[in-house]
1. Tell me, which residue of the range 23-44 that is within 10 Å of the chain's Cα centre (by Cα) and not hydrophobic (A, V, I, L, M, F, W, C) is most open to solvent (accessible area, probe 1.4 Å)?
2. Restricting attention to the range 45-59, which residues are open to solvent by less than 80 Å² (accessible area, probe 1.4 Å) and either polar (S, T, N, Q) or modelled with pLDDT of 95 or more (or both)?
3. Report yes if Ala29 is at pLDDT below 95 and either out of contact with any strand residue (DSSP E or B) (no Cβ under 7 Å at 6 or more places or on another chain) or part of a helix (DSSP H, G or I) (or both), otherwise no.
Amino acid sequence: MAMNLSALSLEQLEHLLSVLPEEIRRREAEDDEAELRKRRVFAGFQELAEKQGIDLSKI
């Protein structure tokens, strides 16, 4: 999504410049955490399937 920065004042642009790096890191961390949760859930699902004698790689 493109953002038109031409309507912002210099003060507003400086504020964005100061807060954006941390916001980017925070969102990347959220994405990483979501990926880890997804992998853990899938690993648990695979483990349960194996206990039932189902090989998910063949599905």
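1. It comes out as Arg27.
2. Listed by number, the list holds a single entry, Gln46.
3. Considered against the rule, which asks whether it is at pLDDT below 95 and either out of contact with any strand residue (DSSP E or B) (no Cβ under 7 Å at 6 or more places or on another chain) or part of a helix (DSSP H, G or I) (or both), Ala29 comes out as no.
The values are calculated or read from the model by the stated rules, or taken from the named source; none is laboratory data. Just so you know, these numbers come straight off a predicted model, no measurement behind them. Quick reminder, even Gly has a Cβ in these numbers, built from the backbone with ideal geometry, and neighbours come from all protein chains shown. Surface areas here come from the heavy atoms of the whole protein model, side chains and all, with no ligands, DNA or RNA. Shrake-Rupley method; radii C 1.70, N 1.55, O 1.52, S 1.80 Å.
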